């Protein structure tokens, strides 16, 4: 069962991932996996499997099948993320369209830099 705190974190994760995806064209591994690991305490395998379920049809059906066979997919979490991702991506795309290309490129670069620093430092 998903508790209230988890539900709120999943809603925020789905909206942020959808918004960033709609704005910058990224969101799955860069946003969802770290949120699931660092905010919801998932293990890396389960976070990756759950993220794949969110993106299964367009991206990773065969990878998802392998994760699911090994028990590394949280279906309840993925369901909430899918709904919130759709909503967030709609508003993110509207926001991105309003930005100048150079501004959007800088935001994208800063996002990638922040993720790289997080991965490199382990913090």
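Just so you know, all these numbers are worked out from the coordinates, no wet-lab data involved. Note that the structure is predicted; figures quoted are calculated from it, not measured. Every residue, glycine as well, gets a Cβ built from its backbone with ideal geometry; the counts of neighbours run over all protein chains shown.
Exposure proxy shown here: for 95, 35, the number of other Cβ atoms within 10 Å sets the order, fewest to most, as 95, 35. Measuring r between the beta carbons of residue 26 and residue 2 and using R0 = 25 Å, the FRET efficiency lands at 0.45. Stretching the chain fully between residue 91 and residue 118 yields a gain of 7.1 nm (0.36 nm per residue, less the alpha carbon separation).
Mean projected area of the convex hull spanned by the Cα atoms of the chain, taken over all viewing directions: 7.8 nm². Sorting 78-86, 41-49 by average packing, meaning the other beta carbons within 10 Å per residue, from highest down gives 78-86, 41-49.
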